[in-house]
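All remarks here apply to the structure that follows.
The values are calculated or read from the model by the stated rules, or taken from the named source; none is laboratory data. Source: prediction; values computed, not measured. Cβ placement follows ideal geometry from the backbone for every residue including glycine, while neighbour counts extend to all protein chains displayed. Heavy atoms of the whole protein, side chains included, go into the accessibility calculation; ligands, DNA and RNA do not. Shrake-Rupley method; radii C 1.70, N 1.55, O 1.52, S 1.80 Å.
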Amino acid sequence: MPYLDHSATTPIAPEVIEAMNEAMGKLSRSEVANPSSIHTSGRAARSMVNDARRQMADLFGASPEEMIFTSSASEANNLAIKGCAFKSHPNPFHLIISAFEHDSVLNSARYLANQFDWINLSEIPPDSNGIVEPNAIHAALELTSGHRLVCVMTANNETGTIQPVLEIANLAHEKRALFLTDAVQAIGRIPVNVREMGCDFLTASAHKIYGPHGMGLLYLKSNLKIDPLIHGGHQESGRRAGTENIGGIVGFSRAMQLVHEHLAEDQIKLRSLESAFLALLRVNGAQFILNGSQTHRVPGILNLSAPGIMSDDLVIGMDLAGFAISAGAACSSGVIEASHVLTAMSLEPWRIQGGVRISMGRGNTLEEVIAAADAMSELCKKLKQDAPIPRGQTG
Ligand code: PLP
């Protein structure tokens, strides 16, 4: 089945499987063991984890001790936000986040603000192009004081829109606030370097970059301290207890290496695939509108609404035609809900209800994309006949 849902997860790269198999083989023969053990196999494991950490740090423009391996980007976002808030206690803490962050940021922030009266939350809506305006963050910073964390993702997971992170990081720092960016959807699509982005915290996920599921990363700037969420041993320098996932760490770092090797080529390919897809929809006479900025968007992520067509009808219809696309975020419950991203962008209801995400990846071919555009055009025509556009709606 042509797979056009790479923002939900990417297929694992063969080179990653190879690197992980090698690591797991060593584990199966006890050539490597628990990295905390002091015997030879333990030290071999420690050196494997250290190598991966060093390589990962190099690729992000960071130092090895600034890398914290986690079980997911969701955990990394929780760790950054809650770890920072709890460290601030008993001082009041203010979170300033964009209203279209991933749920792992939004729900962590909302949980904290609901549970603790010393924590406050400001949710800043993006503009209708899906861009967070630095002025809006500036205004929120002006209205608050004391310990603050600003969270704005590098690229949005539903629209692919790229955020002015450096500008926002600078504003935060001018006001002595910290800055977290969730770079999960940006890595592999645009360059991501912690120094160039000016962030204090950055989060990443392996399974979005052709790596294994169940591996995430938190970059934590060296001078900063957070409270751990998982207490136990001294792994990850006491910031995240638990025996390291050696296979996962090796796979993640190999995937990151491949991202760097392929980035320029992937960007060109993804841009040309999405242009072909959009051009063919137009040639086929399919009516649709692109949600989110045309220009400030990572390659390969498109969010489209067709007037009079509901997103789940399109997703299911495309699935039956053999194409995997999604309605905004992959919903863990399997139920498609109105997108909080498109809602935060204050789009018209038909665009919110109709938004579908087509996210292309390294392995997609032009033939697949042409076939998908043809199938989607046909489906749009059919669905429109079945459900005429309510009066007052336009494309
Ligand atoms: N942040 C963004 C922007 C995402 O798109 C996702 C996953 O969809 C996550 C965080 C969570 O990543 P993980 O699946 O590793 O928890």
Cα centroids of the range 247-308 and the range 1-79: how far apart, whole angstrom? 26 Å
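Ranked by accessible surface with a 1.4 Å probe, highest first, in what order do I316, I268, I97 come?
I268, I316, I97
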Restricting to lysines and to Cα separations under 28 Å from K221, and discarding same-chain partners fewer than 8 apart, the set is K82, K87, K175, K208
Within the chain, excluding any trypsin sites (Lys or Arg not before Pro) found in a DSSP loop (not H, G, I, E or B) and having at most 15 other Cβ atoms within 10 Å, the longest uninterrupted segment runs 226-390
Applying the Karplus parametrisation 6.51 cos²θ - 1.76 cosθ + 1.60 with θ = phi - 60° to the phi angles of the range 359-375, what ³J(HN,Hα) value in whole Hz is obtained for each residue in order, glycine and proline being reported as x? 10, 8, x, 3, x, 5, 10, 4, 4, 5, 5, 5, 4, 5, 5, 5, 5
Between the DSSP loop rule and a limit of at most 13 other Cβ atoms within 10 Å, which GluC sites (Glu not before Pro) in the range 251-350 are left? E337
Once the principal axes of the Cα atoms of the range 211-314 are found, what is the range along each, listed largest first in whole angstroms? 60, 32, 28
Would you work out if the chain is rounded, prolate or oblate? Take a ≥ b ≥ c from the square roots of the eigenvalues of the alpha-carbon gyration tensor; rounded if a/c is under 1.5, else prolate when a/b is larger than b/c, oblate otherwise. oblate
Accessible-area composition of the chain, carbon plus sulfur, in percent [1.4 Å probe]: 53 percent
Charged-residue dipole, Cβ positions (Lys, Arg, Asp, Glu), the range 14-257 about Cα centre, Debye nearest 20: 720 debye
